[in-house]
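Written below as structure tokens is the structure these notes are about.
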Amino acid sequence: MMIPIRCYTCGKVIAHYYDDFLDGMKAGKEASELLDSFDLKRYCCRRMLITHVELIDDILTFSSPVR
């Protein structure tokens with residue numbers, strides 16, 4: 001998980017919501033419904049969860065083994 005711990009704009013801690021957000025999205029729930037249940041009302045915090053893209057799996061394929 002590489003999501004930022006805090007929202008870039010307001011500084012609210014949001015990283016602990018990310019796993020629950022992914023699980024809810026996989027279960028077929030609406031993003032707005034999930035974010036409301038987390039009590040994330042600000043657009044900046046909502047943006048952090050909705051637009052996050054996991055790139056670590058793609059980057060790891062290019063890493064070389066450490067010797």
Pair list, Cβ under 9 Å, 6 or more apart: segment 49-66 residue in contact (Cβ under 8 Å) with a residue 24 or more places away in the chain, other residue open to solvent by 100 Å² or more (accessible area, probe 1.4 Å) and part of a loop (DSSP other than H, G, I, E, B): 52/2; 54/1; 54/2; 55/2; 56/1; 56/2
Cβ pairs under 6 Å, 6+ apart, first in segment 1-17 and farther than 16 Å from residue 38 by Cβ, second surrounded by 11 or more Cβ atoms within 10 Å (Cβ to Cβ) and not small (Gly, Ala, Ser): 9/44
Within segment 12-43, considering residues that are over 16 Å from residue 2 (Cα atoms) and among the aromatic types (Phe, Trp, Tyr), the one most open to solvent (accessible area, probe 1.4 Å): 43
Test: residue in segment 26-43 that is part of a loop (DSSP other than H, G, I, E, B) and in contact with a Cys (Cβ under 8 Å, 6 or more places away or on another chain): yes
Of residues in segment 45-67 being within 19 Å of residue 20 (Cβ to Cβ) and of a type outside the set (A, V, I, L, M), the one least open to solvent (accessible area, probe 1.4 Å): 45
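The values are calculated or read from the model by the stated rules, or taken from the named source; none is laboratory data. All values reported here derive from a predicted model rather than from experimental measurement. Heads up, the Cβs are rebuilt from the backbone with ideal geometry, glycines too, and the neighbour counts pull from every protein chain shown. Surface areas here come from the heavy atoms of the whole protein model, side chains and all, with no ligands, DNA or RNA. Shrake-Rupley method; radii C 1.70, N 1.55, O 1.52, S 1.80 Å.
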